[in-house]
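One structure is given below, encoded as structure tokens.
The values are calculated or read from the model by the stated rules, or taken from the named source; none is laboratory data. Predicted, not measured: the structure shown is a model, and the values here were computed from it. Because the Cβ atoms are built from the backbone with ideal geometry, glycine has one as well, and the counts that use them run over all protein chains shown. Each accessible area value is taken on the protein alone, full model and side chains, heavy atoms only, with ligands, DNA and RNA left out. Shrake-Rupley method; radii C 1.70, N 1.55, O 1.52, S 1.80 Å.
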Amino acid sequence: MRVFALIKRIFRQMFRDKRTLALLFVAPLLILTLMYFLFNGNTVDPKLGVTGVDDNLVSVLKKADIQVEQYEKVNSQTVVNDDLDGLLEQESGRLKLTLQNNDPSKAKGLQMKVSQAVVAQSQAKLIQQNPATAGLVQPSVDIDYVYGDADTVFFDVLSPILVGFFVFFFVFIISGIGLLRERTTGTLERLMSTPIRRWEIVTAYLVGYGIFAVIQTMIVVFYSINVLDIVLVGSIGNVLLINLILALVALSLGILLSTFAASEFQMIQFIPIAVIPQIFFAGIFPLEGMADWLQAVAKVMPMYYAGDALKGVMYKGLSFSEISGDLLALLIFAAIFIVLNIFSLKKYRKL
């Protein structure tokens, strides 16, 4: 009977906590639905620019499910400026394929398709000219890379995003639970009974936890680069700046959401809603093939901008001016969360 009494007590607690019930039954469905749309997006054919290439080869490339863009003149920036996956040039009978290598898996797939198309077109020409020599000559394609090299793997692109995500995740947890503890122990209520203003409280918590966030960010960044040897092409100063601003966003978001939680357990419940979706839109999964509404959702995720900036600096070697748009977006997120923090404290005292 005592066992049944305890079971009955657990059921009562669960039914009283509507948020826990929602987390248990609704959150998994939301995450699974999101993953369904992410992994079932339309496959985007690689985009290949060509110049000086034989028309027969262009036809073969198009049949290989490659979007072919023909150019009369190209320069060293054509691949990046026109967001091409690759550029195939023919000069003096030699073929040269320049791969952007923004996504190593996609780049290797395009390289294989182009090589197969070149071989097929070359063999067809030899059969027409001299059937006896068909198969004896294997045409070669010179390969060049805008980013990375032949040894680049997907983790080289993934690792900068992971650095930012771990900074975001742990700062979010520490700051949220920290302020929540202040509330549950009555410290916040005692503070609110003094003449201190709401913005002063928010500023103090941001600075106080922010100092530890800065230390954590520096440790994560330097460890990743110097110990794990994660790729770094650009400035380490820009990497630190991106992560510090991202930590500010996580800090302000964690403090904001903690005002809606009554316990550490309820604070943890925000992770599937506020944190996990961030990783899906940070650049690990290509957005091009997603539905338009999912691409719009990505634009309201702080990690979307942080991932783009970190990948740009660490993998592509972009400068500060080239990532300034992403940094501005992160600062706007931080400003919004800070203002909402000030207003959320009205529930404890109206000034």
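Which condition from (1) over 20 Å from residue 330 (Cα atoms); (2) within 17 Å of the chain's Cα centre (by Cα) is the one that residue 292 breaks?
(2)
Restricting attention to region 235-247, which residues are surrounded by fewer than 24 Cβ atoms within 10 Å (Cβ to Cβ), under 11 Å from residue 331 (Cα atoms) and touching a residue at least 60 places away in the same chain (Cβ under 8 Å)?
If the condition is that a residue be surrounded by fewer than 24 Cβ atoms within 10 Å (Cβ to Cβ), under 11 Å from residue 331 (Cα atoms) and touching a residue at least 60 places away in the same chain (Cβ under 8 Å), then 245 is the only one that fits.
Go through (1) buried (at least 24 other Cβ atoms within 10 Å of the Cβ); (2) part of a helix (DSSP H, G or I) for residue 282 and report which single condition fails.
(2)
I want to confirm something. Restricting to region 186-207 and keeping residues that are open to solvent by less than 50 Å² (accessible area, probe 1.4 Å) and not in a helix (DSSP H, G or I), which single residue is modelled with the lowest pLDDT?
We begin by selecting, within region 186-207, every residue open to solvent by less than 50 Å² (accessible area, probe 1.4 Å); these are 186-188, 192, 196, 198, 201-202, 205-206.
Those still in the list that are not in a helix (DSSP H, G or I) too: 186, 196.
Details: 186: 68, 196: 71.
Among residues in region 186-207 that are open to solvent by less than 50 Å² (accessible area, probe 1.4 Å) and not in a helix (DSSP H, G or I), the one modelled with the lowest pLDDT is 186.
I'd like to check something: does region 238-257 contain any residue that is assigned to a helix (DSSP H, G or I), among the aliphatic types (A, V, I, L, M) and modelled with pLDDT under 80?
no
Can you tell me how many residues in region 208-233 are open to solvent by less than 20 Å² (accessible area, probe 1.4 Å) and within 19 Å of residue 327 (Cα to Cα)?
Number of matching residues: 4.
If you go through region 96-106 one residue at a time, how many are modelled with pLDDT under 85 and of a type in the set (A, V, I, L, M)?
Total satisfying the criteria: 0.
Hey, among 10, 66, which residue is on the phi < 0 side of the Ramachandran plot, among the β-branched types (Val, Ile, Thr) and modelled with pLDDT of 80 or more?
Numbers: 10 fails: modelled with pLDDT of 80 or more.
Residue meeting the stated conditions: 66.
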